[in-house]
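See structure below.
Just so it is clear, none of the values below were taken in a lab; they were calculated from the coordinates. All of these numbers come straight from a predicted model, not from anything done at the bench. Positions of Cβ are generated from backbone atoms using ideal geometry, with glycine treated the same way; all protein chains shown enter the neighbour counts.
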Amino acid sequence: MKFRIITLLLCLFVGFAAAEEYYWPKSYYAQVGFGAVFSNGDFNERAVKGADSAGVKGKIYPPDYGFFPTPDFMLGVNLGAFSLGISFQYWSSEQPLTDYPEKGDMDTRIWRAGLEVTYNIFHPEDFQIGLGAGYSYSNVKIKDAAIFGKDVYDADFMGSAVAFIANVHYYFSDYLAVVPAIKVYENWFKNVHCSRIDNNDLDPFLWQTFILTSVSLQYQF
């Protein structure tokens, strides 16, 4: 009896695996792209007030982001018409700071890591339209952006974002595709850090919209 039950379970498992393979053909991909980010929100409107443990007040100035280029890297898996991926973006540049008392640009660095899922309409044709969503963690570091009296410190803004994604896949071979994309990140920065005040919770959060337009080359295997 036990042998029959085990055999039945094995048959069911093999049948289920075969069905899954039939309905969910699987492949992996690596994607490298480059694009431009347009940004607007609280970063462009106000500085952040704070105070250290001794009660000394100061301000932390976010970058006045408007436009900057960035690469866009992805690793993921295709399951039938769905694509799941890990994305990463990184860029450093000189940017003006919002309401900063001194003129001139400061060194800034922004990076983002997240998860994305898209549904690819017209799969498995060579031309596909992808619609999806994502979630990411982001970090913005600015040199000399925190001022407390005569003391100046670097600052880190940390937050999360939800993304709305639209892209197009054009496969010109079984392995290679060109992928133009638009990704809209609605970012909320929850805290800011500098060595004078450690982690400072932001209340209210700083909301910032980042719109990335990019073109990528994808290798599927």
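Could you tell me the extents of segment 26-220's C-alpha atoms along the three principal axes, largest first, rounded to whole Å?
63, 28, 22
Which percent of Cα-Cα pairs in segment 46-120 sits in each 5 Å bin, short to long?
3, 13, 15, 14, 12, 12, 10, 8, 6, 4, 2, 0
Where is the GNM fluctuation largest for the chain (alpha-carbon springs, 10 angstrom cutoff): Gly80, Gly55, Gly132?
Per the Cα network of the chain with a 10 Å cutoff, Gly55 tops the list.
Could you tell me which residue out of Gly76, Phe172, Asn139 lies farthest along the dipole of the chain toward its positive end? Charges go on the beta carbon: Lys and Arg +1, Asp and Glu -1, centred on the Cα centre.
Checked the options; the winner is Gly76.
State which entries of Lys57/Lys183; Lys57/Lys143; Lys57/Lys103; Lys57/Lys141; Lys49/Lys141 exceed 28 angstrom in Cα-Cα distance in the structure shown.
Details: Lys57/Lys183 38 Å; Lys57/Lys143 19 Å; Lys57/Lys103 22 Å; Lys57/Lys141 21 Å; Lys49/Lys141 17 Å.
Long pairs (Cα-Cα over 28 Å): Lys57/Lys183.
What order do you get for 155-163, 95-103 when each peptide is scored by the mean count of other beta carbon atoms within 10 Å, highest first?
Values: 155-163: 20.3, 95-103: 15.6.
With the highest mean Cβ count within 10 Å placed first, the list reads 155-163, 95-103.
Anyone know which of Phe67, Phe88, Phe172 comes out most mobile in the 10 Å Cα GNM of the chain?
Phe172
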